[in-house]
1. Applying the selection to the range C:208-232, what residues are at the interface with chain D (Cβ under 7 Å from one of its Cβ atoms), of a type outside the set (S, T, N, Q) and within 26 Å of D:GLY223 (Cα to Cα)?
2. For the range C:273-320: of the residues being more than 7 Å from chain D (Cβ to nearest Cβ) and of a type in the set (Phe, Trp, Tyr), which is farthest from D:SER313 (Cα to Cα)?
3. For the range A:65-89, which residues satisfy the criterion of being at the interface with chain C (Cβ under 7 Å from one of its Cβ atoms), in contact (Cβ under 8 Å) with a residue 40 or more places away in the chain and in contact with an Asp or Glu (Cβ under 6 Å, 6 or more places away or on another chain)?
4. In the range C:155-181, how many residues are within 14 Å of chain D (Cβ to nearest Cβ) and part of a loop (DSSP other than H, G, I, E, B)?
5. For the range D:25-54, which positions are over 18 Å from D:MET344 (Cα atoms) and either surrounded by 19 or more Cβ atoms within 10 Å (Cβ to Cβ) or in contact with a Ser or Thr (Cβ under 9 Å, 6 or more places away or on another chain) (or both)?
6. Determine which single condition A:GLY123 fails, assuming it passes every other condition in (1) over 30 Å from D:VAL363 (Cβ atoms); (2) touching a helix residue (DSSP H, G or I) at 6+ places or on another chain (Cβ under 6 Å).
7. Considering only the range C:73-103, state which residues are in a loop (DSSP other than H, G, I, E, B), under 19 Å from C:GLY51 (Cβ atoms) and touching a strand residue (DSSP E or B) at 6+ places or on another chain (Cβ under 9 Å).
8. Of these, A:THR8, A:THR14, which one is farther than 30 Å from C:SER112 by Cβ and either among the β-branched types (Val, Ile, Thr) or within 20 Å of the chain's Cα centre (by Cα) (or both)?
There are 4 protein chains.
Amino acid sequence: MSGNTFGTMFRVTTFGESHGAALGAVIDGCPAGLALTTEDIQPALDRRRPGQSAWTTQRREADQIQILSGTFEGYTTGAPIALLLHNHDAKPEAYDHLRDVFRPGHADFTWSAKHGLRDHRGGGRASARETAARVAAGAVAAKWLQSAYHINVIAYVESLLDVSASIDPESVSREAVEASPLRCPDPETSSQMLERLAAIRQAKDSAGGTIRCIATGAPAGWGEPVFDRVDALLAYAMLSIPASKGFEMGSGFQSCTMTGSAHNDAFYTNESGEIRTRTNHAGGSLGGITTGMPIVFRVAFKPVATHFLPQESVTTSGAATTFSARGRHDPCVLPRAVPIVEAMTWLTLADLAAQHAAYTHPVRVR
Amino acid sequence: MSGNTFGTMFRVTTFGESHGAALGAVIDGCPAGLALTTEDIQPALDRRRPGQSAWTTQRREADQIQILSGTFEGYTTGAPIALLLHNHDAKPEAYDHLRDVFRPGHADFTWSAKHGLRDHRGGGRASARETAARVAAGAVAAKWLQSAYHINVIAYVESLLDVSASIDPESVSREAVEASPLRCPDPETSSQMLERLAAIRQAKDSAGGTIRCIATGAPAGWGEPVFDRVDALLAYAMLSIPASKGFEMGSGFQSCTMTGSAHNDAFYTNESGEIRTRTNHAGGSLGGITTGMPIVFRVAFKPVATHFLPQESVTTSGAATTFSARGRHDPCVLPRAVPIVEAMTWLTLADLAAQHAAYTHPVRVR
Amino acid sequence: MSGNTFGTMFRVTTFGESHGAALGAVIDGCPAGLALTTEDIQPALDRRRPGQSAWTTQRREADQIQILSGTFEGYTTGAPIALLLHNHDAKPEAYDHLRDVFRPGHADFTWSAKHGLRDHRGGGRASARETAARVAAGAVAAKWLQSAYHINVIAYVESLLDVSASIDPESVSREAVEASPLRCPDPETSSQMLERLAAIRQAKDSAGGTIRCIATGAPAGWGEPVFDRVDALLAYAMLSIPASKGFEMGSGFQSCTMTGSAHNDAFYTNESGEIRTRTNHAGGSLGGITTGMPIVFRVAFKPVATHFLPQESVTTSGAATTFSARGRHDPCVLPRAVPIVEAMTWLTLADLAAQHAAYTHPVRVR
Amino acid sequence: MSGNTFGTMFRVTTFGESHGAALGAVIDGCPAGLALTTEDIQPALDRRRPGQSAWTTQRREADQIQILSGTFEGYTTGAPIALLLHNHDAKPEAYDHLRDVFRPGHADFTWSAKHGLRDHRGGGRASARETAARVAAGAVAAKWLQSAYHINVIAYVESLLDVSASIDPESVSREAVEASPLRCPDPETSSQMLERLAAIRQAKDSAGGTIRCIATGAPAGWGEPVFDRVDALLAYAMLSIPASKGFEMGSGFQSCTMTGSAHNDAFYTNESGEIRTRTNHAGGSLGGITTGMPIVFRVAFKPVATHFLPQESVTTSGAATTFSARGRHDPCVLPRAVPIVEAMTWLTLADLAAQHAAYTHPVRVR
């Protein structure tokens, strides 16, 4: 892992800027023999795509994925898989008035402090548009893990501002998530969220919230302590998503208020002879290794940094200034962040699966 | 990063088990010319050491650090620095009755599921005793960063079960933290926590809580997006600590209930001509790159998995069983987790400093 | 380093197959602020391009490079730089008769043994066409190192079969190399080589030879022992080039026949006060760290595996067979391998420069 | 791979200096369940140990290995394996007269140029004594690969100065190698070499030579192109050994003088139905992936840099000086380099085995 590469064995390197020529990802370490075409990838991108509803940015990008390498006659070959997305609806001129302003809540100032210059067009590399490449790569990981392990991953919006749903993660279906324009599978909460968001947009402001994610089907035994724990890699993966500011595994911060006797998940053996736990406060991980129970976690997203109220800031030369944002922006990233959280979960699990295979390599020929 | 190695450029590999011969760390990538003796390392270990007070395990380990390599006449040479701690008070027989039992909340089952066997003595490699090696390595990172950048890192206990302190992180001194046996710098809250913990211990149960950490003095510009964001690396570092279940940066989960206009930190230029933000909801990071403001985050620790009440579980062959823990255990890890959180923060910052140096290497000879 | 990625800090990931849609490279870790356009890259590709002379394959590829990301208004931004080359003159049908044959000397059998399937079209990923992406990436490394350090790299053909030139590497100019169709800077030897090669082609056979490379201008102090020695990284880089089978640094295998007193390079201080050596048997490296003297090494390339004589082999199902190659092939790769050797040298030096910057990071603020 | 760590999945980090407290290695990624005690490691160290014969340094080091972690009741657990060797016969005062002199052929100058200071005692970290840790780690890799794959590795001295043996590598036994004090399995050549070496020592000079190595039993399919080719990783491994200056795989530099029709190894199917090649000019690798044929390569070692004749050099302040070496030194490293070459071969193969397992992870549940 480093900079623009995610993963140790199933590695994804992404590239591209918000208003550059193209975005893409190169996947290295995907096993050969996996059936893979663009149809395995496009649906995930369509779920992340801008312009899906009134609640997302009106930028028009078809986001049609191309597979440039790594497959032959419909199957992966073991060679690196390059995925490409061209930018078509870039409007860099919409950012001309921001060329010399550091927008609060964005990476404008910090990128400049780091590198001495920046691509001001829509945040450049720091734009969440970069995550389109992650979603494409995540779909490849998903195809593999679904084929090899029958793993499933579902994320959904659990709260938006002060509107929060109380949902059992194990009961959530993809259909219920997609039925809501905000990807909150509880219809009543979804309606309240929409109402709340309409008011926020009316007020030219923006909102954040939380996303819950559940991964089922992973066997017991994945994770590479002491550092590459499942919890640690998921935390890393989630905090690498733009605008995310928090992560909790299983009972998370809630566990801090429980006693040990209430929190420990008792073991039992089920009718199939598998060892399971009666509760799952651990969120599917003990000592950083999967238990075979569902992996459950939650991610916090701060409110969108771009709102339409006037803001105090400084210019690139440090002079005080006031500005207002213009253009096409999501009032709330949550619905589009759902497929991104899923993609990063797939990529984390794929890497853990490959690492586990390497480290538990046979000691004896059997 | 991978398995037992933390960091990309300032890399630490740890080894050792709870009841094995020794624990240690090898640091690769520490600059040459740093004055370094065991006296730079021992104080951090003494803060983490067992047996410090009535509230920590009574295992007696002097934890005297040895530097085996990497220094010459008191200075680092650029060669790898090996640090060693011998185990002296190991009592593996105290775990004989647990040889065939999977303890709930521990890695016993998952390590076996992964590797087909386990060292049952005090959790083996999965024991928190492993963190002694991290604390030793963290002290080396601290020595470097304090010399080179005047960075400071302070962690403290913010909450224990339902007792929570409300403290401005920027006001906390090391002295105030150390004055409390629980390392909660607010004396009144500390007393309440002690009272609460006495009751928990009396009830043979255990507790968890949260630790807040603040790092000051890091310049703007550290962090390697898109994946190696400051936030992501800190989340990874913190979730790699045994028993940690959550992480939040700056306003964290609280940010989800704020609007964008309330959350954005306005920029201004201070009297020294430096760009700063009026608030610090971001916790010192924008776009995954440091802002130059204090880096502030919080970590959730679940209650200690070992309590002394009877527990339901299964044997290694899957049969139902009931057992009770015996021996020497902390009723609450929080005070000893404080130096561990600090150590992982130092190691993260050292790696970011070294990476930043590599990536901003001069384009022109000046 | 791993699989399809070269380098630790200045990292290049390549992708693409001989007869796939496109080839490319993603560079991560290139400093920001470097002036970079396609004009900095195209000349190196033109030197490697097929169809340059009667001595190279007649496949027609313009190999026009595109920069997809990582630059803004002509300067690098610190974001990953994606480079793309489309394949235009792929003729996969020319390989139809080889779909079920394992060609001797090629990766057909081993790729199948590894992955269970292969892309038989021109060797797929195992084709030397992949090196076009390396040459493009190498040009970016060259641009940086030439700007920052005035480093220069020149490679040339030193021997072909039994025809060998005796040339002082320090006397060779780029012009002299380019004046020869075989990139042998000694005109007389070049003529003999051409004659020899004409006979080989006439006989439907193929040839190999050696390439010498010299890099001047690198300061003393680069290299990361004990494993990432300059010598070791260059050996790795060179043996990663298709068809290379040997590497020697400085006096190399010749040193084995010298005594220590004859081989040691005596130190002296030159008129500029710099420490230099009177001879350079070491080839610019002592203990795996650069001395500041020219870095000189030699690479062995086996004869081209594709010749036009009948060959004994087996089919993919193991049956004995005989076949003859058809189509467009170089009788000798050496002239086109020259820019590839240079590119891999640039990439190695760029990585060493970046690593050195990270590891010699200041201990004290100065 | 980086600095002091070798390998991607089976990773070894070494530490320690020639005259420091101790040397050691930490192995991360060794599978659990491998029977492992010090008796598996000690014999390899005994073969490398100083003071074995009149032809090696008279420094007396028992080199008794300790296993500090990673095993439990005689089996590996999947935790990192720390190996430790204490230095007992360090005589740093023997180097006092060299404190301010840069010895030609050694890393004294370059380490200082890199890090601004050096440990002058016997070369510090740059001493070949560091390779004791590699040999210990290599023995662990050997134990695993011998158990799991019946792989065998044998190295031997092929030439010393101008005395060269002509031996079929496939005919060499460990016994024949060990029967020679110079580890040259041909008795007659061994005698000639001894004679040659006696004269060299008499002349206060030193010698180098070549080592051939053969690894049998590795299956077809190992190696991770395009960069992590078997050839490239072996070249890297071998050139990372102190004093090595060249590497060739299979026919190596000799291949440059052969035509393609003579060099290609024809495929056939043997009586067991396995695909093999009639010759093995490739040295067991095609396209960087193992063929299943023996892996054969050769390594060049320069003459020992320390001889006892007067040498011209400079002091650390750049002044011209003349000095003569004193103390305990090998006149020729070759016999002791044999187990080092073997160790690096084992480590390379172990890493390739683990990587292969990760990358050919099942696509479908079978």
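1. C:GLY208, C:GLY209, C:GLU224, C:PRO225, C:VAL226, C:PHE227, C:ASP228, C:ARG229, C:ASP231, C:ALA232 - these are the residues of the range C:208-232 that are at the interface with chain D (Cβ under 7 Å from one of its Cβ atoms), of a type outside the set (S, T, N, Q) and within 26 Å of D:GLY223 (Cα to Cα).
2. C:PHE308
3. A:THR77, A:PRO80
4. Our first condition is that a residue be within 14 Å of chain D (Cβ to nearest Cβ); within the range C:155-181, this holds for C:157-165.
Those left that are additionally part of a loop (DSSP other than H, G, I, E, B): C:161-162, C:165.
Of the residues in the range C:155-181, 3 are within 14 Å of chain D (Cβ to nearest Cβ) and part of a loop (DSSP other than H, G, I, E, B).
5. Going residue by residue through the range D:25-54, those that are over 18 Å from D:MET344 (Cα atoms) are D:31-39, D:50-54.
Within the range D:25-54, D:PRO31, D:ALA32, D:GLY33, D:LEU34, D:ALA35, D:LEU36, D:THR37, D:PRO50, D:GLY51 meet the criteria.
6. The one condition A:GLY123 does not meet is (2).
7. The answer is C:ASN87, and nothing else.
8. Values: A:THR8 fails: farther than 30 Å from C:SER112 by Cβ.
Matching residue, one of A:THR8, A:THR14: A:THR14.
The values are calculated or read from the model by the stated rules, or taken from the named source; none is laboratory data. Since we're looking at a predicted model, the values are computed, not measured. In this analysis, Cβ positions are derived from the backbone assuming ideal geometry, glycine residues included, and neighbour counts consider all displayed protein chains.
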